Amino acid sequence: MELSKNLNKLDVFSISTGAMLSGVFLLPGLAYEQAGPAILISYLFAALLALTGLLSQAELVSAMPKAGGTYFYITRSMGSAVGTVYGLITWFSLSLKSAYELFFMAALLGVYIQWFSPVQQLILAVSLCTVFMLVNLIGVKEAGKIQVYLVFTILAALAYFCISAFPSIEEKQFLPFAPGGFDSIFKTAGFVFISFGGLLKVASVAEEVKNPGKVIPQCMILSILVVSLVYLVVVFVIIGVLDSSVLRGSKSPLTDAAFHSLGDNGKMIFGFMTLLAIFTSANAGVMTASRYPLALARDEMLPSVFGNINKRFKTPHAAIIVTGLIIIVAFFVPIDKLVKAASSVLILTYIFSCLAVIILRESHVQNYQPQFRSILYPWVQVFGSMGFLLLLYEIGLEALAMTCLLMLMGFVLYWFYGRKKDSKEYALLHLIERVTSRGLTGQSVHSLENELKEIIHERDEILKDRFDHLVEECAVLDFHEDIPIDDFFKKAAEAMSNHLEIDANTLKQRFLEREKEGSTVINPFLAIPHVVVEGEKHFDVLLARNKEGFIFSEDADKVHTVFMLVGTKDERSFHLTALAAIAQIVQDPDFETRWMKAKSDDALRDIVLLSKRKRN
């Protein structure tokens, strides 16, 4: 059973933005302690670095909008072993981060309702997790609607704070600007980079988005622009309003700044906004984390129960419940170190995204057809990866060791469970094949090209028409040497005669006669021989390519592409429809390049089947 497509642009923007807003309520004080007012540069640097990863993610999600987000891209680019390890550690890291957020939220709520004991806070955290599970079980549409209301409420409150507090800004609060020098600025950029982690969460629910190939990249870019602006403006106001002695190390800097500028009402309002911000981040965390086990189960890397979809609500109920249980279990153990590991997993996500784009592009996989392409390729990916590696180094050995332990656990699961069922091709094999000229890939039902073709059909909502069905079954001839038109028509007639119930020699003569009546060469690259034959209810298509060229006449250029159409008189109307379809296909500016680079008969068919044209 498929997931329902219920998320629109507003939902996607809100999921992505909401997952990033909690940082502005919690981190500026701790960041200020490290770099002083220069944290403004740290936030800007972190945002620019996140943008490089975003461009790669946006390209990947526009090509493969499937549940599981980055896990799906990594598996299809680097193989199931790497993908399974990454998918499992990301699932756990998102769950643990959500556990940390829910526990922090319970602590804040405990102040309001005067629950101060650890047991009471634990009960409240478990209750909150149960509520999130139920919301996500009922439906992603409902969870998305809640996210929209929360995000715009928070954005409105932040705008009110900035406008109200702006007159209270004092210039002296920005001096000295960078007391710790450049090194502290860069280290602090690594510290606040986690604020932009929510940006990637939305990729894991791509399968549930309407028109995902265009909507998700647009919303991701808009989201990072909005959130970056919010962070820079809000942090600027906080620094200008609060005395450094108050701001340094504050765990609720925005609430403190609101109290300083707006009094008790400001403290109450922004204390509540802090709760809402954590709520939005945790909601997005539960929603997106649960899609990783779903994707792993679909690839048979986890038991099939994780892939079950609820018939009524169209949500992955088993994956959501297990994710919720992992979060609840995390409440009972010290998770500070594991949350740091979650930060390193986030940075690995950006690195893997950059590598996946490079591998998929350089492998020349034909059906890798993103609707959004990263600008400045491959420099964005290269420099982005270098920056992320530096951030990874700054996180510290303890977090990296914990991440390595999680990776080892993931590899053990793959080795003893998933490896036995692993039969998928991946782009790295195509890249190695291209470099070494060794035959490592094929055209089996598990081939990457076939899988990407089905994804494009689903993404672009292609409904096959009669012409598509004919192309799927038609003969394909591929030549690698000059061939006279006589010989070509003979081979084409032999290939088509059985489908048309006509003698091959007779059909060959019809082709030759049609060519004498008037050349069927449309341009120096393309010819469309089409004839009418005796009989009823017969129509067939043949595709042909010759890299050296077909010789249609001594005076004309060699032709590399031939579409042949043969039908009976009662099929004249469809004959015109087929000609119109071909005309739309060959108008694609990339058609000639892709046609000449196609590696197989199926690849030639796919160029036609995946074309952007009006279907009847």
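Worth pointing out:
- The chain: angle of helix 572-586 to the longest principal axis, Cα-based, in degrees nearest 10: 50 degrees
- Taking 18 Å as the straight-line reach from the Cα of K516, the aspartates and glutamates in range (excluding those fewer than 8 positions away in the same chain) are D486, D487, E554, D555, D557.
- Selection from L429, I582, F352 lying farthest towards where the dipole of the chain points positive, charges on Cβ: F352
- Other residues lying with their Cβ under 15 Å from the Cβ of L507 contribute a combined charge of -4, Lys and Arg counting +1, Asp and Glu -1.
- Residues M496, M268, M301, M133, sorted so that the one with the fewest Cβ neighbours within 10 Å comes first: M268, M133, M496, M301
- Furthest towards positive pole of dipole, S447, N283, T593, structure part the chain, Cβ charges: N283
- Axis angle, to the nearest 10 degrees, between helix 317-330 and the longest C-alpha principal axis of the chain: 30 degrees.
- Overall, the anisotropy analysis places region 141-227 in the oblate class: the square-rooted eigenvalues a ≥ b ≥ c of its C-alpha gyration tensor yield a/c not less than 1.5, with a/b not exceeding b/c.
- Built amide H within the under 5 Å cut-off of L477, gap 5+: L543, A544, R545
- Cα centre as origin, Lys/Arg/Asp/Glu Cβ charges: region 462-609 dipole, Debye: 200 debye
- Cβ-Cβ FRET estimate between K210 and F416, R0 fixed at 51 Å, reported to 0.05: 0.80
- Gyration tensor verdict on region 546-616 (Cα atoms; rounded if a/c is under 1.5, prolate if a/b is larger than b/c, oblate otherwise): oblate
- Across the alpha-carbon set of the chain, the Rg to Rh ratio works out to 1.08, Rh being the Kirkwood radius.
- Mean separation of Cα contacts under 8 Å, 6 or more apart, over the residue count of the chain: relative contact order %: 21 percent
- Cβ-Cβ FRET estimate between I309 and E394, R0 fixed at 51 Å, reported to 0.05: 0.80
- Computed [θ] at 222 nm, helices only, for the chain once each DSSP H run of length n ≥ 4 contributes -39500 (n - 2.57): -22000 deg cm²/dmol
- Measuring max minus min along each principal axis, the C-alpha atoms of region 71-134 give extents of 51, 20, 15 Å (largest first).
- Of the cross-linked pairs K210/K424; K66/K612; K420/K599; K187/K214, those separated by over 32 Å at the C-alpha level are K187/K214.
- Span from the region 352-428 Cα centroid across to the region 74-91 one, whole angstrom: 8 Å
- Added length on full extension, which subtracts the Cα-Cα distance from 0.36 nm per residue, N505 to H457: 13.4 nm
- Of the residues L54, L609, the one with the fewest other Cβ atoms within 10 Å heads the list, and the complete ranking is L609, L54.
- Region 398-532, relative contact order in percent, only Cα pairs under 8 angstrom and at least six apart counted: 10 percent
- Amide hydrogen proximity for H560: with H placed 1.01 Å from N in the peptide plane, the residues at 5 or more positions away or on another chain lying under 5 Å are L526, F550.
- Placing +1 on the Cβ of every Lys and Arg and -1 on the Cβ of every Asp and Glu, with nothing else charged, gives region 157-291 a dipole about its Cα centre of roughly 360 debye.
- Globularity index of region 465-616, i.e. its alpha-carbon radius of gyration over 2.2 N^0.38 Å: 0.97
- Rounded to the nearest 20 debye, the dipole magnitude of the chain is 1700 debye, with +1 charges on Lys and Arg beta carbons, -1 on Asp and Glu beta carbons, and the Cα centre as origin.
- Sequence of S553, S77, S363 once ranked by neighbouring C-beta atoms within 10 Å, starting from the fewest: S553, S363, S77
- Separation in nanometres of the label points that stand 7 Å from Cα toward Cβ, at Q587 and D601: 3.1 nm
- Distance between region 248-314 and region 442-499 - C-alpha centres, whole angstrom: 48 Å
- Applying the Karplus relation 6.51 cos²θ - 1.76 cosθ + 1.60 with θ = phi - 60° to region 360-371 yields 3J(HN,Hα) values of 5, 5, 6, 6, 6, 5, 5, 8, 7, 10, x, 7 Hz, where x marks Gly and Pro.
- Label point of K251 set 7 angstrom out along Cα-Cβ; within region 21-63, amide nitrogens under 19 Å from it belong to 22-34.
- Charge tally around D601: other residues with Cβ under 11 Å, Lys/Arg +1 each, Asp/Glu -1 each, net 0.
No value in this document is a laboratory result; all are computed from the given coordinates. Please read these numbers as outputs of a predicted model, since none were measured by experiment. We place every Cβ from the backbone using ideal geometry, glycine too, and count neighbours over all the protein chains shown.
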